[in-house]
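Written below as structure tokens is the structure these notes are about.
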Amino acid sequence: MSACSCGCSDDELTKQLELIIDEYRGEPSGLIQVLTKAQNLIGYLPAWVQTRVAKGLGVSLQEVYGVVTFYAFFSLIPRGRHKIAVCAGTACYVKGSKTVQKTLREVLGIKAGQTTPDSRFNLEVVRCIGACGLAPAMIIDGKDVHGRLEPEQIPGILEQYA
Ligand code: FES
């Protein structure tokens, strides 16, 4: 079990999680709402959270795990403060997204699907972010599109997200 980013203790965290579960206790239909709130509280959905949610709502752990892994907005690993989604769609691939991805991995020191040790960034490879005209492109925090990327621009872009 780990403490959340606000610095509260594991006990407090568990108490807050149980309050969330209480809203839907015994109601399997509340699974997505509970998981969403739990992730907002803790930042991700580790095994101990899934176990408590399963028990509280009366669903199997497999069902909880199935939902968590089906929806992209749920995460099994701690997420960074800034989410980098680098595009590997066709237009970006043709314009060199492989090199952009490689540079991001090198600069951040992580692979796709991982979070930097300082929790600053997590890196994902996605299919088309709707900015094909700006290929190769990436989007940070779901709103900042960086396009026509050259590998040497990447460290400077990441610096903006201190
Ligand atoms: S293929 Fe990369 S933005 Fe569409």
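Each reported figure results from applying straightforward, stated rules to the coordinates on display, with no laboratory input. Keep in mind it's a predicted model, so treat the numbers as computed, not measured. So basically every Cβ, Gly included, is an ideal-geometry build from the backbone, and we count neighbours across all protein chains shown.
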Q. Using θ = phi - 60° and the Karplus curve 6.51 cos²θ - 1.76 cosθ + 1.60, what whole-Hz ³J(HN,Hα) does each residue of the range 48-61 get, with Gly and Pro shown as x?
A. 5, 6, 4, 5, 5, 5, 4, 4, x, 8, x, 10, 7, 4
Q | the range 9-25 versus the range 94-162: alpha-carbon centroid distance in Å | A | 35
Q) What is the sum of charges around ASN122, taking Lys and Arg as +1, Asp and Glu as -1, for the other residues whose C-beta is under 12 Å from the C-beta of ASN122? A) +2
Q. Once the principal axes of the Cα atoms of the chain are found, what is the range along each, listed largest first in whole angstroms?
A. 51, 31, 22
Q.
Need one number: nm distance between label points at THR99 and GLN33, each 7 Å from Cα along Cα→Cβ, rounded to one decimal.
A. 5.1
**Q.** Estimated [θ] at 222 nm from DSSP helical runs (n ≥ 4, -39500 (n - 2.57)) normalised by residues in the chain, nearest 500
**A.** -12500 deg cm²/dmol
Q) Within the range 61-97, whose backbone N sits under 13 Å from a point 7 Å along Cα→Cβ of CYS128? A) 88-93
Q) Taking a spot 7 Å from the Cα of ARG79 along the direction of its beta carbon, which residues of the range 118-160 have an amide N less than 13 Å from it? A) 121-124, 140-143
Q: Take the Cβ-Cβ distance between LEU61 and GLU150 as r, set R0 to 41 Å, and report the resulting FRET efficiency rounded to the nearest 0.05.
A: 0.35
Q) Rounded to the nearest 20 Debye, what is the dipole magnitude of the chain about its Cα centre when Lys and Arg each give +1 and Asp and Glu each give -1 at the C-beta? A) 540
Q) What full-extension length gain, to one decimal in nm, is calculated for ILE157 and TRP48 as 0.36 nm per residue of separation minus the Cα-Cα distance? A) 35.6 nm
